[in-house]
Amino acid sequence: MIMKNKDLNLICCAAAILILYMAVTPAAALTAQVIPPILPKGLPLSVSGQTDNPGEVAVWIIGLTCHDRLIINAPNGTFTEELFLPKTTSQFSSGQYFLIIEDTGPDGKFALETVTDDENTMVHYLGQPLFALDDAGTSYSDTAMALSEALDRPDIDDRSLMRIVLVEEPWVRFDQNPNGHPGDLLRFAGSTNLPPNYEIHYSILPSSVESSPNDSTLKSGRPFLSDSPLNTNLKCLLCEYFT
């Protein structure tokens, strides 16, 4: 009976040690951020992050006018990549775009791959097709969910996470129309969906030809933006008011 108690104590100690080890051992991590999360057309789209499985990272982009898979290097576990140039994003349709970032897992290999035939780009797992990445009959949100669920299979060790980018037309809005007299400074304030420190060209035009018969453009330049990351506020701009 004493031996049984000792055996039970040993088992309990071993279990406690195992639980403690699992508690203090950090879980493998994959982090990523998309820059900017609200994308005005004509601006570059980038991604950056970290993974505990260095090597490569796959970025799946699924949206109304884009179905793609890009491989970027993460030799030391850190990655930063410009995914699309301004001339590419200027052609995007407005709306949501799903970005799914996938690392290779401990085995160093991507579980999913793409195979393109004459009609579609198919997502394959272990050589078998799962679904089409660019099926016109399937909504892009359903395709993104199908991809996310495929990567969550218990037999796949790749880690993944999803980010959503909202593509919009660029806009600038002024809070009010400034008033002034000849020689005064005009003060402007407003907001924009363009990112911080983005330069905006502007022009001040007369309200009638009598205001400036010799030159229709009174003033032009580039205002500065504030540091607000979203729905950026325009700082007060000081512009000379010409007769």
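Please treat every number below as a calculation from the coordinates, not as lab data. All of these numbers come straight from a predicted model, not from anything done at the bench. When we count neighbours, we look across all protein chains shown, and the Cβ atoms used for this are built from the backbone with ideal geometry, even at glycine.
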Open item on the list: Can you tally the net charge around Thr78? Count Lys and Arg as +1, Asp and Glu as -1, for every other residue whose Cβ sits under 13 Å from the Cβ of Thr78.
Closed with: -4
Task: Net charge of neighbours whose Cβ lies under 10 Å from the Cβ of Asp134, counting Lys and Arg as +1 and Asp and Glu as -1 - done: -3
TODO: For segment 30-168, just say rounded, prolate or oblate: build the C-alpha gyration tensor, square-root its eigenvalues into a ≥ b ≥ c, call rounded for a/c under 1.5, and beyond that prolate if a/b exceeds b/c, oblate if not.
DONE: oblate
- [ ] In nm, give the distance between the simple-model label positions of Asn76 and Asp52, each being 7 Å from the Cα along the Cα-to-Cβ direction.
- [x] 2.0
